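Everything below concerns the one structure shown next.
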Amino acid sequence: MRSINLKFNKLIKYHLLFVCLIVFLLPKVSSGTNYADNQTDTSITNNNLPSVISDTLDTSLKERKIILKDSSVLVPGEPVTSIQEHPQEKVNSPHNNVNKIVLWLMGDKNVAEYKIRLIDYGNDHLPLFLRKYFMRFVEKTYTYPIIILFLLLISGLILNVTIVLLVMYFTSKTKNHRERYVRIYRNHYEDVLRSFLFGDIDWDLARLKLKRLKVPLNRKILTDVLLVFKENLRGEMDSQIPQIFLKLGLEKDSIKLSKSIFYFRRIEGLKALTNLDPENAKVIISNYLNDSHITVRTEAQVAYVRLHPENPFEFLKTLKKPFTRWTQLSSFYIFRLHQIPVPSFTDYLDSEIPTIRNFGLRMIIFFQQLENAPAIFKLLDSPFEMTRYLSIQAINDLRLYDGKQLIKNIYQGETEKNKIEIIKALKNIGDEADFEFLESIILSDSISLKTEACRSLYYINNLGRERLNVLNQNSDLEIDQFLAHVTNSRN
Amino acid sequence: MYLSDKIIVRMKKILVAEDNRLILETIVHSLTREGYEIIKANDGKECLKVMEENEIDLLITDLYMPYINGNEVIAILRDERKKNTPILVLSAAGAEDIVLKAFELGADDFMIKPFSLVELNVRVRKLLAMKR
């Protein structure tokens with residue numbers, strides 16, 4: 001690092017010298033030569049001669065004549081006499097002060113046009129006191145040797161690169177310093193808290209050893225350490241950790257964070273409060289259950305499940321935003337991890353939000369809540385495909401025989417996905433009365449429906465298998481091939 | 001009887017493999033107070049190296065560690081060497097399939113985080129007694 005620092009210093013030093021050289025020396029040198037050059041060059045360009053020639057015509061009139069006579073470099077039909085006959089008349093042309101390389105690069109028409117545009121722009125947009133400086137700048141730009149412009153450009157580039165490198169260097173240095181600081185204090189706080197929790201030292205001594213707690217970063221480090229303790233340890237220590245959090249007044253920081261305008265800070269605050277100060281958290285998270293930011297909302301909803309074991313999903317009744325799949329999974333994980341008593345999910349089947357209804361159905365299936373059958377049947381009329389799909393699945397998984405006729409009734413108007421689910425349900429809750437229904441499906445065109453119907457008919461009972469054999473013999477549907485597929489253990 | 005038990009306990013060497021420093025040091029602190037000799041490993045690779053070089057009476061390992069994870073450590077130990085060393089898995093992942101896989105590979109016990117240090121000490125004592 002030190003060597004890099006020295007190199008940077010050298011680079012800046014040389015760069016400054018270089019810029020000084022350009023600013024103080026080169027303009028003086030160039031201003032002495034410009035006038036003579038311009039007199040001859042502009043006269044040539046006005047006659048539309050190639051600029052290659054003009055570069056070579058600096059020295060003497062004799063040389064000019066020799067070159068101009070060379071017909072191979074002249075454009076046929078172009079008048080060349082003016083330079084020989086009236087060289088002085090061309091001095092007052094529009095480009096008399098313009099750099100020859102600029103002319104060569106841009107062409108004389110463009111040069112004049114751009115210059116006029118720049119001047120017009122200055123007149124139209126700049127305040128009066130700035131105009132004269134602007135005009136001077138435009139004039140200078142057109143008269144300075146282009147090499148100086150290039151050198152200035154390169155200097156600017158070097159300066160930019162140097163600044164970027166310096167910023168990177170100092171950012172990296174600051175980051176490393178901060179990481180080292182965090183590591184040292186984290187280890188220190190861990191050791192002190194461990195000694196206190198194991199009873200090696202009393203609270204007064206521990207408080208003395210917990211240094212620099214007025215610094216916000218240190219308070220954050222300590223909160224993180226307490227969170228890790230809380231998340232990993234149970235038992236006696238489990239109750240001591242929130243007490244430490246409150247004794248040190250760290251909850252004030254977390255409450256402040258939870259009100260931050262930045263969503264990630266709000267999450268940080270909510271997480272700390274949920275784990276270490278549940279009473280405060282209960283009040284605060286209720287404000288974020290319908291937060292506009294999805295991540296904050298998820299954090300608040302998951303926290304609610306954890307903090308309200310008596311009724312973990314009560315918030316779903318007041319939820320106005322969709323209950324996302326990720327939140328459903330996170331809530332379910334927390335629910336299982338903390339072994340929270342399972343509530344009845346019937347209430348959520350009436351929700352206006354489809355994602356909540358679907359979640360309720362999934363939970364009913366998972367926890368086998370058979371008492372919710374009437375509410376499940378109602379959802380077969382839902383306008384949402386997924387809700388109907390989950391209702392059919394619930395009828396199948398919970399073996400709700402009363403729902404069999406209902407799903408058969410809606411079969412014709414269903415999507416292919418739901419039709420397959422209905423046929424699958426008949427495999428488990430069907431009987432001889434459903435043979436005709438399944439046979440009609442086998443006679444249909446859809447291969448996937450046929451396959452599923454064959455499977456259901458085959459597994460309902462032996463009578464179903466006999467019906468399949470009869471159907472196979474009496475028709476050219478090649479049912480034996482479907483049977484080979486459904487009876488294969490790999491499918 | 002109690003005294004002789006204590007003497008045997010003091011002789012036992014336990015290897016704790018855990019990548020979280022806070023958890024590692026807490027377990028080490030707790031078990032050291034119980035009179036065991038503790039060796040620390042911060043990842044799976046280090047754990048296998050320590051197992052190779054020392055006569056370990058019990059291994060306490062996390063499942064998710066850098067380089068070589070806990071399941072791989074268990075599989076290697078059960079396949080190649082140290083077949084009789086009791087292994088206690090300590091992990092935050094408590095899903096049924098994960099627990100079952102650890103037992104299938106040869107773990108002797110499984111504790112899910114958050115865990116109680118008192119419970120850990122009891123289980124360690126039990127596993128060491130079984131080995132004896």
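Where a number appears in this text, it was derived from the coordinates with a stated rule and is not lab data. Since we're looking at a predicted model, the values are computed, not measured. Positions of Cβ are generated from backbone atoms using ideal geometry, with glycine treated the same way; all protein chains shown enter the neighbour counts.
Starting from the Cα-Cα distance between A:MET386 and A:PHE332, subtract it from 0.36 nm times their residue separation and give me the gain in nm to one decimal. Don't skip to the answer; put the middle values down first.
Values: separation 54, 0.36 × 54 = 19.44 nm, distance 1.95 nm.
Contour length minus Cα-Cα distance gives 17.5 nm.
Just to be sure I follow: if Rg is taken over the C-alpha atoms of the stretch A:200-342 and Rh is the Kirkwood radius over the same atoms, what is Rg/Rh? Let's see the in-between values first.
Details: Rg = 16.0 Å, Rh = 16.0 Å.
Taking Rg over the Kirkwood Rh, I get 1.00.
Between A:GLU432 and A:LEU370, what FRET efficiency follows from the Cβ-Cβ distance if R0 is 30 Å, with the result rounded to 0.05? Please list the in-between numbers first.
Details: r = 25 Å, r/R0 = 0.83.
The computed FRET efficiency comes out at 0.75.
Which distance in nm do the two modelled labels at A:ARG207 and A:GLU113 give, with both placed 7 Å along the Cα-to-Cβ direction?
8.1
Quote to one decimal, in nm, the extra length available between A:THR487 and A:PHE262 on full extension: 0.36 nm per residue of separation minus the C-alpha distance between them.
On the way: separation 225, 0.36 × 225 = 81.00 nm, distance 5.77 nm.
Going from the current span to full extension adds 75.2 nm.
Rounded to whole Hz and in sequence order, give me ³J(HN,Hα) for the stretch B:118-124 from the Karplus expression 6.51 cos²θ - 1.76 cosθ + 1.60, θ = phi - 60°, writing x for Gly and Pro.
For the stretch B:118-124, the Karplus curve yields 5, 5, 4, 4, 5, 5, 4 Hz.
Could you pull out which residues in the stretch A:400-432 have an amide N less than 13 Å from a spot 7 Å beyond the Cα of A:ASN461, following the Cα-Cβ vector?
Within reach of a label on A:ASN461, which here means backbone N under 13 Å from a point 7 Å along Cα→Cβ, the stretch A:400-432 contributes A:429-432.
Simple spin-label model, 7 Å along Cα-to-Cβ: A:LEU477 to A:ARG131 in nm?
9.3
Report, to two decimal places, the Cα Rg of the stretch A:307-461 normalised by 2.2 N^0.38 Å (N = number of residues).
Working: Rg = 17.1 Å, N = 155, 2.2 N^0.38 = 15.0 Å.
Normalised Rg, Cα atoms only: 1.14.
Please name which of B:THR61, B:VAL124, B:THR26 has its Cα lying farthest along the dipole of chain B towards the positive end, using unit charges on Cβ (Lys, Arg +1; Asp, Glu -1) and the Cα centre as origin.
It is B:VAL124.
Go ahead and run the numbers for FRET between A:LEU152 and A:LEU217, Cβ-Cβ distance against an R0 of 41 Å, rounding to 0.05. Please report the intermediate quantities before stating the final value.
Working: r = 44 Å, r/R0 = 1.07.
E(calc), rounded to 0.05, equals 0.40.
For the stretch B:2-121, treating each Cα as an identical point scatterer without solvent, what Debye log10 I(q)/I(0) comes out at q = 0.15, 0.20 1/Å?
-0.62, -1.12
Of A:LYS220/A:LYS321; A:LYS173/A:LYS252; A:LYS214/A:LYS256, which sit over 22 Å apart, Cα to Cα? Spell out each step's value before the answer.
Numbers: A:LYS220/A:LYS321 32 Å; A:LYS173/A:LYS252 31 Å; A:LYS214/A:LYS256 15 Å.
Too far apart for the 22 Å limit: A:LYS220/A:LYS321; A:LYS173/A:LYS252.
Amide H to amide H under 5 Å from B:SER116: which residues, 5+ apart in sequence or cross-chain, H placed 1.01 Å off N in plane?
Sorted by chain and number, the residues that satisfy this are A:ARG234.
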